[in-house]
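S.K.: Sending over a structure as structure tokens; questions will come in a sec.
The values are calculated or read from the model by the stated rules, or taken from the named source; none is laboratory data. Just so we're clear, the structure is a prediction, and the values are computed from it rather than from any experiment. Ideal geometry is used to build each Cβ from the backbone, glycine not excepted, and the neighbour counts take in all protein chains shown.
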Ligand SMILES: Cc1cc2nc3c(=O)[nH]c(=O)nc-3n(C[C@H](O)[C@H](O)[C@H](O)COP(=O)(O)OP(=O)(O)OC[C@H]3O[C@@H](n4cnc5c(N)ncnc54)[C@H](O)[C@@H]3O)c2cc1C
């Protein structure tokens, strides 16, 4: 067998991306994956009933389609097809208030936000049109921007809390709720920075690239990465949990698709105490309670236009969403949680038997919370879709502990693999980013810049550091 140049531990999107960069440079690469199947947080399974394909973790992929790295790969030739629903996002509201919708066009979206046409264009539209100048800054570790004026203009706004941005630029409850829902993906209180940055980036991406779903499920994206890696000569070994670095065969570099907790368990003997202490101080954040349903029919939204979007933000007004996120952050279980919901089978008939549907949703909960959020989540959906529960054929529930059992990276059920506060947005997991003090040992997971999401950029950057440091190959 050929000698191994580099080993990647973990076949999540970042591990696979790191392996691709190394294999493209002509190196012999082996990926060891603990689970029986690849994909990490980008996988699909029949969680409820036979014939229903559910995305276990990621479902909607604005960061995936925006990824500078994925865009450089022939993923379409390896089975990936993006589906763009007619609307990127729907946000139902109580009573007769029409749902707020985000469409690809800024003009259409703004026009529909009665009274906030101009505010939405200035707040989100301006970031969307500047996206081509900003993508390199947002998707890389901190560096001198190529377009400093655009970056500075964006940065001044992005470093403000989402609530302040919404109150400054928008005047209607509808538009404010819409922006709050987007910012709440960030799993930090909306009164703190950088919640505004998350709202602006995800909001801009809805217009710049869309919020697509992969045909057939998130697994197709991971499978496409794996298929391309194999074409390049890379090997993937599944059912291969790595408990310690000492178990690995010799190689010049090891890149770990791990968050600091499991990384320390695996590698602490190889690390100096001062660095291990720094990693041990890395902060994990709120947990997640996830539900997947098999449905007899689509969700009966009171406002039928909600069915135009795959992604639905279920949580009402800015005040309600902000309270829900504050609660989860402060260790309180919310009675009216903000629910992020995806209805993929409306746009992809491969997800469920004919006429049936899949539904995916989660809410944020306190770190490692054991609370049963199913009644509260279903209550929130019923609020905007009376009769929803009558359509349920089967449910599958994952608590924070279940999520961590499936993937030890998700400490306390933190799907962001670490809080994205200002310090950990930039110095993630330390200011060394991908490098560790041990020569040849790297971290390449979403606990490094640019952080959470299926985009492969963490793996891409980590592998470029390894290429330069260890193999003398300049950043391609
Ligand atoms: C419920 C949920 C919903 C999400 N929704 C979205 C979404 O809609 N859109 C989006 O962009 N992102 C979403 N995310 C986030 C996204 O899934 C992650 O940011 C992304 O998967 C991180 O990729 P990664 O490669 O860094 O790590 P992971 O995906 O965690 O992959 C790490 C891999 O390493 C393996 N591993 C761990 N320890 C070992 C070991 N000791 N030995 C060998 N292998 C090991 C794991 O099994 C796993 O396969 C969601 C996450 C969750 C959990």
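S.K.: Can you confirm whether segment 437-444 contains a residue that is surrounded by 24 or more Cβ atoms within 10 Å (Cβ to Cβ), assigned to a helix (DSSP H, G or I), more than 10 Å from the ligand (Cβ to nearest atom) and modelled with pLDDT of 95 or more?
M.R.: No, segment 437-444 contains no residue that is surrounded by 24 or more Cβ atoms within 10 Å (Cβ to Cβ), assigned to a helix (DSSP H, G or I), more than 10 Å from the ligand (Cβ to nearest atom) and modelled with pLDDT of 95 or more.
S.K.: Please go through segment 117-144 and give me each residue that is over 24 Å from the mean Cα position of the chain (by Cα) and not in a helix (DSSP H, G or I), ordered by number.
M.R.: Across segment 117-144, the qualifying residue is only 144.
S.K.: Something else about it: Would you check if residue 448 is part of a loop (DSSP other than H, G, I, E, B), away from the ligand (no atom under 12 Å from the Cβ) and either buried (at least 16 other Cβ atoms within 10 Å of the Cβ) or over 17 Å from the mean Cα position of the chain (by Cα) (or both)?
M.R.: no
S.K.: Among the listed residues 218, 294, 197, 206, which satisfies the condition of being in contact (Cβ under 8 Å) with a residue 24 or more places away in the chain, within 28 Å of residue 92 (Cβ to Cβ) and touching a helix residue (DSSP H, G or I) at 6+ places or on another chain (Cβ under 6 Å)? Spell out how you get there, then give the answer.
M.R.: Numbers: 218 fails: touching a helix residue (DSSP H, G or I) at 6+ places or on another chain (Cβ under 6 Å); 294 fails: touching a helix residue (DSSP H, G or I) at 6+ places or on another chain (Cβ under 6 Å); 206 fails: touching a helix residue (DSSP H, G or I) at 6+ places or on another chain (Cβ under 6 Å).
Answer to the selection: 197.
S.K.: Do we find that residue 152 is in a helix (DSSP H, G or I) and in contact with a strand residue (DSSP E or B) (Cβ under 9 Å, 6 or more places away or on another chain) in this structure?
M.R.: The answer is no for residue 152.
S.K.: Conditions: (1) surrounded by fewer than 24 Cβ atoms within 10 Å (Cβ to Cβ); (2) at negative phi. Residue 64 meets all but one. Number of the miss?
M.R.: Here residue 64 clears every test but (1).
S.K.: Now for a different question. Please pick out the residue among 469, 402 that is surrounded by fewer than 19 Cβ atoms within 10 Å (Cβ to Cβ) and within 16 Å of the ligand (Cβ to nearest atom).
M.R.: One residue alone meets the criteria, 402.
S.K.: All but one of (1) out of contact with any helix residue (DSSP H, G or I) (no Cβ under 9 Å at 6 or more places or on another chain); (2) modelled with pLDDT under 95 hold for residue 425, so report the exception by its number.
M.R.: Result: residue 425 passes all but (1).
S.K.: Before we move on, is residue 188 within 26 Å of residue 429 (Cβ to Cβ) and either surrounded by 22 or more Cβ atoms within 10 Å (Cβ to Cβ) or over 14 Å from the mean Cα position of the chain (by Cα) (or both)? Walk me through it before giving the result.
M.R.: Numbers: within 26 Å of residue 429 (Cβ to Cβ): yes; either surrounded by 22 or more Cβ atoms within 10 Å (Cβ to Cβ) or over 14 Å from the mean Cα position of the chain (by Cα) (or both): yes.
Taking the combined requirement at face value, the residue satisfies it.
S.K.: Looking for whichever is within 15 Å of the ligand (Cβ to nearest atom), at pLDDT 95 or above, assigned to a helix (DSSP H, G or I) and surrounded by fewer than 24 Cβ atoms within 10 Å (Cβ to Cβ) here; the options are 277, 265, 326, 305. Which one fits?
M.R.: Being within 15 Å of the ligand (Cβ to nearest atom), at pLDDT 95 or above, assigned to a helix (DSSP H, G or I) and surrounded by fewer than 24 Cβ atoms within 10 Å (Cβ to Cβ) holds for just one of 277, 265, 326, 305, which is 265.
S.K.: To continue, here is another question. Considering only segment 377-389, state which residues are surrounded by fewer than 16 Cβ atoms within 10 Å (Cβ to Cβ) and part of a loop (DSSP other than H, G, I, E, B).
M.R.: Once the filter is applied, which keeps residues that are surrounded by fewer than 16 Cβ atoms within 10 Å (Cβ to Cβ) and part of a loop (DSSP other than H, G, I, E, B), segment 377-389 yields 386, 387.
S.K.: Which numbered condition trips up residue 97, out of (1) surrounded by fewer than 22 Cβ atoms within 10 Å (Cβ to Cβ); (2) within 16 Å of the ligand (Cβ to nearest atom); (3) in a loop (DSSP other than H, G, I, E, B)?
M.R.: Tallying (1) surrounded by fewer than 22 Cβ atoms within 10 Å (Cβ to Cβ); (2) within 16 Å of the ligand (Cβ to nearest atom); (3) in a loop (DSSP other than H, G, I, E, B), residue 97 fails exactly one: (2).
S.K.: I would also like to ask the following. Just checking, which of 221, 229, 225, 258 is within 14 Å of the ligand (Cβ to nearest atom), assigned to a loop (DSSP other than H, G, I, E, B) and buried (at least 23 other Cβ atoms within 10 Å of the Cβ)?
M.R.: Within the list 221, 229, 225, 258, the selection yields 258.
S.K.: Answer yes or no: is there a residue in segment 65-81 that is within 12 Å of the ligand (Cβ to nearest atom) and either outside any helix (DSSP H, G or I) or without any contact (Cβ under 8 Å) to a residue 12 or more places away in the chain (or both). Talk me through it step by step, then tell me what you get.
M.R.: Here is the first cut: in segment 65-81, the ones within 12 Å of the ligand (Cβ to nearest atom) are 65-67, 70.
Adding the requirement that they be either outside any helix (DSSP H, G or I) or without any contact (Cβ under 8 Å) to a residue 12 or more places away in the chain (or both) leaves 67.
Checking segment 65-81: at least one residue is within 12 Å of the ligand (Cβ to nearest atom) and either outside any helix (DSSP H, G or I) or without any contact (Cβ under 8 Å) to a residue 12 or more places away in the chain (or both).
S.K.: Spot the failing condition for residue 374; the list is (1) more than 10 Å from the ligand (Cβ to nearest atom); (2) within 20 Å of residue 10 (Cα to Cα); (3) surrounded by fewer than 21 Cβ atoms within 10 Å (Cβ to Cβ), and only one is missed.
M.R.: (2)
S.K.: So, in segment 329-365, how many residues would count as being more than 16 Å from the ligand (Cβ to nearest atom), crowded, with 21+ Cβ neighbours inside 10 Å and within 26 Å of residue 163 (Cα to Cα)?
M.R.: Selection size over segment 329-365: 1.
S.K.: Go through (1) over 21 Å from the mean Cα position of the chain (by Cα); (2) modelled with pLDDT under 95; (3) outside any helix (DSSP H, G or I) for residue 160 and report which single condition fails.
M.R.: Every condition holds for residue 160 apart from (2).
S.K.: Give the residue that is farthest from residue 444 (Cα to Cα), with candidates limited to residues of segment 1-52 that are near the ligand (Cβ under 7 Å from one of its atoms) and not in a loop (DSSP other than H, G, I, E, B).
M.R.: Ranking the candidates gives 32 first.
S.K.: At pLDDT 95 or above, more than 13 Å from the ligand (Cβ to nearest atom) and within 23 Å of residue 345 (Cα to Cα): which single residue out of 85, 62 fits that description?
M.R.: Matching residue, one of 85, 62: 85.
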